[in-house]
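Q: My structure is below; once you've seen it, I'll send some questions.
Every number in this text was worked out from the coordinates using simple rules, so none of it is lab data. Note that this is a predicted model, so its numbers are computed, not measured. Note that we place each Cβ from the backbone using ideal geometry, even for glycine, and neighbour counts take in every protein chain shown.
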Amino acid sequence: MSGPERVAVFRLGEGRQPSPVRLTTQFGDGVANYVPDSAAVRWRLEVDSGADAPEWLFERAGPRERIFFDPARTRAVILTCGGLCPGLNTVIRSLVLELHHNYGVREIFGGRYGYQGLAPSFGHSFLKLTPEFVDYIHQAGGTVLGTSRGEQDIGVMADTLQRERFDLLFCVGGDGTLRGAARIAEDLRRRGAPIAVVGIPKTIDNDIPFVSPSFGYATAVEHAARVVTGAHMEARSVFNGVGLVKLMGRDAGFIACGAVLASQEVNYALIPETPIVWDGEGGFLESLRRRLSARRHAVVVVAEGVARQVGGEGAAPADIGPWLKERIARHCRERGTPVDIKYMDPSYYIRSVPANAMDNLLCDQMARAAAHAAMAGRSGVVIGRVHNLCVHVPMPLIASESKRVDPEGELWRSVLASTGQPQRWG
């Protein structure tokens, strides 16, 4: 049997500068070590699991003994893109502190409002980032740099990077942001421009492949579980009460699953990955009505992406929460069962809060790994996290995979055990 395949990572060139980060190459001397270029992390940990998983080795992230850029002449720019997520300010802060204190980079800037910051037509100026400026920003939610959605012209953004003489570009965002970063990196490579483009994956939904978990997820689950607890109290306090909570999860139900298991108070979890039968004796609506008749209350958690399971093509509701509330009420009314539904949608609240302790640790780890990768001349890579270790994942590989809740996996099995709902509807 052939061995695992090592995933190739693009380098701008050989590292010829001695790193100013004071580490050693000798193990056992009580001083932290540089990461050798040969260090790798195996993607597939479980053996003979029956899963069709590739045998890959990812280059391990971390500080190199020799780096590509001269810190005294290096200019860096940081962008935050897409929706808000707990931990964005922590990532910005840790990037600045690592580059400034450990590498000696003094020219660090923030681009305003995501990729708009690299498009001169918007007129956004670059913000100088210093240790003093970022001192307390991790204590607040949101992003001090601002953010935006949508694409900008790749050539124009590459022109801006060259004109401003930036050497390092850090893009903090989700799958759309990382696809854009990959195109920027490819354009710069075609030009022969030695600019490192490194992505730091951001998704509250925890659905970026090769990143386990993504920052913001633990905070989202913590706050979602509190909302679920409130929904449970509302439901129990009235006759035939239903606490209905809609959570984020456009394509994946990780937040919903996490909130279910953290609260242990949910009776039905509806996620995009599992088919739902709404009507009929074996459908969700009748199962819920029967529970109300027996227990007089119920808690339902639904992920936003479940909307695609409603109706035919083009008939999906814009918002699954209000649709499901009305559908439950109608089903119970038609069958003579009174119901009192309390609907909660904490989506924007959850994504705008400051990161909790676990996410702050993760943000710091990934941001510093990104700084090491860029200074070592890696480009077109995303900082992944495999088996609690940071690795370099090529951006095209991130875009080619998807991460979803496995209906046959341990996570969903635990959700079913907690809720007691059927494994299949219908």
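Q: Residue separation times 0.36 nm, minus the C-alpha to C-alpha distance between residue 411 and residue 11: what's the value?
A: Between residue 411 and residue 11, full extension yields an extra 140.3 nm.
Q: On to the next question. Over the chain, with a Gaussian network built from C-alpha contacts below 10 Å, which listed residue (152, 26, 365) shows the highest mean-square fluctuation?
A: 26
Q: For the range 370-411, which GluC sites (Glu not before Pro) are both in a DSSP coil and crowded by at most 13 other Cβ atoms within 10 Å?
A: Within the range 370-411, the qualifying GluC sites (Glu not before Pro) (loop, at most 13 other Cβ atoms within 10 Å) are 401, 408.
Q: Considering only 182, 399, 224, give the residue with the highest GNM mean-square fluctuation for the chain, with springs between Cα atoms whenever their separation is below 10 Å.
A: 399
Q: Can I ask one more? Describe numerically, in nm with one decimal, the distance between label points set 7 Å from Cα along Cα→Cβ at residue 133 and at residue 31.
A: Those two pseudo-labels are separated by 3.3 nm.
Q: Sort 197, 306 by Cβ crowding within 10 Å, fewest neighbours at the top.
A: Least to most surrounded, the residues fall as 306, 197.
Q: Which shape class, rounded, prolate or oblate, goes with the range 248-339 when its Cα gyration tensor gives a ≥ b ≥ c as root eigenvalues, a/c under 1.5 marks rounded, and past that a/b bigger than b/c marks prolate?
A: The shape class here is oblate.
Q: Starting with the fewest neighbours, write out 300, 415 ranked by other beta-carbon atoms found within 10 Å of each beta-carbon.
A: By the 10 Å Cβ count, ascending: 415, 300.
Q: Please list, in order along the range 138-147, the HN-Hα scalar couplings obtained from phi with the Karplus expression 6.51 cos²θ - 1.76 cosθ + 1.60 (θ = phi - 60°), rounded to whole Hz, x for Gly and Pro.
A: With coefficients 6.51, -1.76 and 1.60, one gets 5, 7, 10, x, x, 9, 5, 8, x, 8 Hz.
Q: Further question on the same structure: Sort the range 217-374 into rounded, prolate or oblate with this rule: let a ≥ b ≥ c be the square roots of the eigenvalues of the Cα gyration tensor; rounded if a/c is under 1.5, and if a/c is not under 1.5, prolate when a/b is larger than b/c, oblate otherwise. Provide the component values of the computation, followed by the final result.
A: Values: a/c = 2.84, a/b = 1.79, b/c = 1.58.
Taking the square roots of the gyration eigenvalues as a ≥ b ≥ c, the range 217-374 is prolate.
Q: Okay, next question. For semi-axes √(5λ) of the Cα gyration tensor in Å, one of (i) 44, 23, 19; (ii) 32, 28, 20; (iii) 37, 33, 19 was computed from the structure I shared and the rest are decoys. Which label?
A: So the structure-derived entry is (i).
Q: While we're on this one: Across 10 Å bins from 0, what is the distribution of all Cα-Cα pair distances for the range 115-207, in whole percents?
A: In whole percents, the pair-distance histogram is 14, 46, 33, 7, 0.
Q: When the Karplus curve 6.51 cos²θ - 1.76 cosθ + 1.60 is applied with θ = phi - 60°, which whole-Hz ³J(HN,Hα) does each residue of the range 384-392 get, with x for Gly and Pro?
A: Once θ is set to phi - 60°, the couplings for the range 384-392 become x, 9, 10, 6, 6, 10, 7, 9, 9 Hz.
Q: Do any trypsin sites (Lys or Arg not before Pro) in the range 157-189 lie in a loop, going by DSSP, with at most 15 other beta-carbon atoms within 10 Å of their beta carbon, and if so which?
A: Sites meeting the loop and neighbour criteria: 165.
Q: Would you kindly state how much longer the chain becomes between residue 348 and residue 315 on full extension, computed as 0.36 nm times their sequence separation minus their alpha carbon distance, in nm to one decimal?
A: Between residue 348 and residue 315, full extension yields 9.4 nm more.
Q: Select from the range 96-163 those chymotrypsin sites (Phe, Trp or Tyr not before Pro) which occupy a DSSP coil region and have at most 11 other Cβ atoms within 10 Å, ordered by residue number.
A: Passing both the DSSP loop test and the Cβ count: 136.
Q: Here is a further query. Using +1 on the beta carbon of Lys and Arg, -1 on that of Asp and Glu, and nothing else charged, what's the dipole of the range 161-264 about the Cα centre, debye to 20?
A: Using Cβ point charges on Lys, Arg, Asp and Glu, the range 161-264 gives about 280 debye.
Q: With 29 Å as the limit, write out which pairs from 202/342; 128/403; 202/246 have Cα-Cα distances beyond it, or answer none.
A: Those over the limit are 202/342; 128/403.
Q: Something else: Got a sec? How would 38, 402 order by Cβ neighbour count within 10 Å, fewest to most?
A: 38, 402
Q: Can I ask one more? Please work out how much length the chain gains when fully extended from residue 46 to residue 233, using 0.36 nm per residue of separation minus the C-alpha to C-alpha distance, in nm with one decimal. Walk me through the numbers on the way to the answer.
A: Details: separation 187, 0.36 × 187 = 67.32 nm, distance 4.08 nm.
63.2 nm is the gain from fully extending residue 46 to residue 233.
Q: Sticking with this one: Can you give me the distance in nm between label points at residue 151 and residue 387, each placed 7 Å from the Cα along the Cα-to-Cβ direction?
A: 3.8
Q: Once you charge only the Cβ atoms, +1 for Lys and Arg and -1 for Asp and Glu, what is the size of the charge dipole of the chain about its Cα centre, to the nearest 20 debye?
A: Taking the Cα centre of the chain as origin, the dipole is about 560 debye.
Q: Name the most mobile residue of 310, 386, 91, meaning the one with the largest mean-square fluctuation, in a Gaussian network model of the chain with Cα contacts below 10 Å.
A: Comparing 310, 386, 91 in a Gaussian network model of the chain, the most mobile one is 310.
Q: Mind giving me the nanometre distance, one decimal, between the label points for residue 334 and residue 191, set 7 Å out from Cα along Cα→Cβ?
A: Distance between the two pseudo-spin positions: 6.0 nm.
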